[in-house]
Structures are given as C-alpha cells and as structure tokens.
1. Are any of the residues in the range 105-128 without any contact (Cβ under 8 Å) to a residue 60 or more places away in the chain, surrounded by 14 or more Cβ atoms within 10 Å (Cβ to Cβ) and over 27 Å from Ser27 (Cα atoms)?
2. Return the only residue of Ser27, Ser64, Ser18 being crowded, with 16+ Cβ neighbours inside 10 Å and hydroxyl-bearing (Ser, Thr, Tyr).
3. I'd like to verify a number: residues in the range 115-148 that are part of a loop (DSSP other than H, G, I, E, B), within 19 Å of Glu60 (Cβ to Cβ) and of a type outside the set (A, V, I, L, M), how many?
4. Determine, yes or no, whether Gln173 is surrounded by fewer than 16 Cβ atoms within 10 Å (Cβ to Cβ) and either closer than 24 Å to Leu23 by Cβ or modelled with pLDDT of 95 or more (or both).
5. If only one of Glu89, Glu48, Glu60, Glu85 is closer than 15 Å to Leu164 by Cβ, free of Cβ contacts under 8 Å to residues at least 12 places away in the same chain and either part of a helix (DSSP H, G or I) or touching a Ser or Thr at 6+ places or on another chain (Cβ under 8 Å) (or both), which one is it?
6. Quick check on this structure: which one of Arg67, Arg126, Arg143 is within 14 Å of the chain's Cα centre (by Cα) and at pLDDT 95 or above?
7. Is it fair to say Leu95 is modelled with pLDDT under 95, exposed (fewer than 15 other Cβ atoms within 10 Å of the Cβ) and among the aliphatic types (A, V, I, L, M)?
8. Would the range 59-71 turn up any residue that is out of contact with any helix residue (DSSP H, G or I) (no Cβ under 6 Å at 6 or more places or on another chain), within 19 Å of His170 (Cα to Cα) and polar (S, T, N, Q)?
Amino acid sequence: MPPPFPAIAAPNAQTFVSMFGDLFEHSPWVAARAWRPEGFPDAVSMIETMMQVVAAATAEEQLSLLRAHPELAGEAALAGALTPESEYEQASAGLDRLEPQEIEAVRRLNAAYRERHGFPFILCVRHYTKRDILSELERRTSRSTEREHHEALAQVACIAVERLEKRLQHIKQHDL
C-alpha cells in the first residue's frame, strides 16, 4: 500500500480525475466515481475507494478496464504507443530489451492468452524478471477465464498502487 501521506482532496471531480485518472490504464471513470467532495484522509483510503469502485463496476466495465491495458511487449510497445506509465513499467522489467526470439515467444503467448480469455495478460511487472514474466504468461494462460479475470483485476490494483506510490514520491521530492 502507498506510504502514509497527508489528506488528498480536490475541489471537484474534474480536478481529481486530472490528478489521479491515469492510475487505472485509460480508465478515468474509476477516479471520477471515487471522488468525494470531502476528500480522503490519506492515500490508502483513496486507493481503497478506487478499488471498491472497480469491484462494484459492471462485468462489462471491468472487462473494458482489463482490455484498456496493453499487451506486454506487444504491438503498442513496439510502436512506441504506450502511456508513459506503461512504458516505464515494461522497461523496468526489461521488456523493452527483448531478443527477437523472446519477442516472438511473447507474441505467441499473448495471442494464446487473449484468445482464451478475451483480454490481455496483465501483470504488475515490476515484481518480475523477463523470464518470470514469460513463465507467468504461460502458466496463467491455461487457467479458467473466471480465475484469470479475478487475477487480472488484482494485478490492475497492484499496478494502480505502484503508480500512486510513484506519484506520491514525486510530489514529496518536489515539496522538499
């Protein structure tokens, strides 16, 4: 969870979304629904509220959230079309430095995963090496879609927490 941080407030939903709408990949609706006029006592309360928004979302909204994530080392990465956050995360795991045979393996595994589950493989990659990512992708492809849906949402939450932690560290460094 994010480190302790003073209260977080925004005067309106639009400002809050501009500040935190990118914690969930291409899904500012999460922040919009999480906004409270009274703000949040701390970052933990805020991210927990955002996760509750995701949990309460319809199945279609959750699927849309999952599908908003890029494939790891996929076409968007190769085309340089990732969000800055995704680019940083994938680079931190070495996915921007794959050998040609690794790229082919990831493409093949990504396609098999998406075909089976209907959404991209999602992993909070900063916790994994390139080799571990490939192993996870292969292992999780054979799971049930219901189990993977649940796991993918957990990974989205992990990614959002890490993005928030990075954002708060940046704010602290610039306020010193």
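1. The answer is yes; a qualifying residue exists.
2. Ser27 is the lone residue from the list that is crowded, with 16+ Cβ neighbours inside 10 Å and hydroxyl-bearing (Ser, Thr, Tyr).
3. Of the residues in the range 115-148, 3 are part of a loop (DSSP other than H, G, I, E, B), within 19 Å of Glu60 (Cβ to Cβ) and of a type outside the set (A, V, I, L, M).
4. For Gln173, the condition - surrounded by fewer than 16 Cβ atoms within 10 Å (Cβ to Cβ) and either closer than 24 Å to Leu23 by Cβ or modelled with pLDDT of 95 or more (or both) - is met.
5. Numbers: Glu89 fails: free of Cβ contacts under 8 Å to residues at least 12 places away in the same chain; Glu60 fails: closer than 15 Å to Leu164 by Cβ; Glu85 fails: free of Cβ contacts under 8 Å to residues at least 12 places away in the same chain.
After applying the criteria, what remains is Glu48.
6. Details: Arg126 fails: at pLDDT 95 or above; Arg143 fails: within 14 Å of the chain's Cα centre (by Cα).
Every option except Arg67 fails the conditions.
7. no
8. no
The values are calculated or read from the model by the stated rules, or taken from the named source; none is laboratory data. None of the values given here were measured: they were computed from a predicted structure. All Cβ positions, glycine included, derive from the backbone under ideal geometry; neighbour counts span all protein chains shown.
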